[in-house]
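The values are calculated or read from the model by the stated rules, or taken from the named source; none is laboratory data. These figures come from a predicted structure and were not determined experimentally. Here the Cβ positions follow ideal geometry from the backbone for every residue, glycine too, while neighbour counts run over all protein chains shown.
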Amino acid sequence: MRSDATPQTSNSKEQSTNAAPERAKTVTQSGSSTQLTGNQRFERRTPQAGAGPEGEVQESTALPAGTRAPDFTLRTTPDQEVSLSDFRGKRIVLAFYPADWSPVCGDELAVYNEVLPEIRKHNAEVVGISVDGVWCHIAYAQYNKLHLPLLSDFEPKGEVARSYGVYRKKDGFSERALFLIDEEGTIRWSYVSPIGVNPGADGVFDALEELDSQKAQKGAAA
Amino acid sequence: MRARRQGTLVAPVSARDHVQGPADAPVTLVEYGDYQCPYCGAAHPIVKALQRELGDNLRFAFRHFPLATIHEYAEGAAEAAEAAGAQGKFWQMHDTLFENQQALDFESLVGYAEEVGLNVERFATELENHVYAPRVREDFISGIRSGVNGTPTFFIHGVRHEGSFDFETMLEAIQARMQGLAA
């Protein structure tokens, strides 16, 4: 699945590599499942260090739609903490990703970063979560000019990822997983992508629009 | 929840697009690209070679997908292509930008406008006022909604191309799609 076209760049991170093969994604929503094969055309390509069997997605243990979202409090900077409950009244997209600096999630977060204005129109915020420490997050966010908070699931390591069912114990980091949590703190959509595949943002927007229309119907019925 | 399959183009090619090749070509190739992305730069001559090979059998449309936070000059370059398009020279500017990916700052863009033969004053004013930013954003969002998650992303007659974008792979995929459509 790698492109043969590997232009020369001065960025040492843009070296071609073995990346995850195509794999089916799993979607949990209304019991439906969707297939999407890998898309590996990314800007920065480096090996997925320690990714284990590449792209492997086990039977998803991710908390499904309809589940109460487990609360958490995590650091986002050395002296700032963020709790899920801080966002009550807003929708929140939790984007679990394996690690700062790994190439695919770099692009994943870059894509969310680009569409923050559109996501906010749906009364939603996006936060990234990985097991990296706060100092690492700060450097990473600065380097990539990210405007969304990165939470540090660092101590006990991966505890929040575990509570959402998306921790990869043998690897020591989380799945690449998305959760949409509604204004009342209920998971309305969740999605686990192959570890090496950037899930993009279309699923997030589809889920947000679905919530909008459900809310409109509810409003009309009430 | 999902009425549509992922990996399909949600906005079909229309009059708003920049298009090369006949409107009734059997296959349409759409690229979402970023003028500062080195992989898009690498894909540029491959697209040209495909156009040569397939002739009137291929229609090609280019849409903007600038990852502006990581590519400082991508947005300006996309707007420059649109500004050139407003003067009837989209493709000349498009080629020039891909051939000069390492120099896409404002001064360089104005230089290219001159080379291409544009009304430079109008071009520079429009760039400074970001006249075409909404147009670029439309492309970007249509890409997002179609599942574009990196660049370049190609759609062959509405379906996302998942393989690599070397010439042989692309040609095979396009020909296979042509046969499928003809059948």
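So the values come out like this:
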read-out	value
Every pair of residues 6+ apart whose Cβ atoms lie under 7 Å, when the first sits in segment B:135-158 and is within 11 Å of chain A (Cβ to nearest Cβ) while the second is basic (Lys, Arg) and surrounded by 21 or more Cβ atoms within 10 Å (Cβ to Cβ)	B:Ser142/B:Arg63; B:Gly143/B:Arg63; B:Gly147/B:Arg160; B:Gly150/A:Arg41; B:Thr151/A:Arg41; B:Pro152/A:Arg41; B:Thr153/A:Arg41; B:Thr153/B:Arg160
Residue in segment A:140-151 that is at pLDDT below 95, under 22 Å from A:Ala201 (Cα atoms) and among the basic types (Lys, Arg) present	yes
Meets criteria (modelled with pLDDT of 95 or more, under 25 Å from B:Gly147 (Cβ atoms) and not polar (S, T, N, Q)) for B:Ala78	yes
Segment A:116-143 - residue that is touching a residue at least 60 places away in the same chain (Cβ under 8 Å) and either farther than 24 Å from A:Asp86 by Cα or surrounded by fewer than 19 Cβ atoms within 10 Å (Cβ to Cβ) (or both) and, of those, nearest to the other protein chains (Cβ to nearest Cβ)	A:Glu118
Number of the condition not met by A:Tyr167 [criteria: (1) under 13 Å from the mean Cα position of the chain (by Cα); (2) of a type in the set (Ser, Thr, Tyr); (3) modelled with pLDDT under 95]	(3)
2 or more residues of a type in the set (D, E, K, R): qualifying helices (runs of 4 or more DSSP H) within segment A:72-165	A:103-114, A:116-120, A:159-163
Enumeration of residues in segment B:38-97 that are closer than 26 Å to A:Gly200 by Cα and among the basic types (Lys, Arg)	B:Arg63
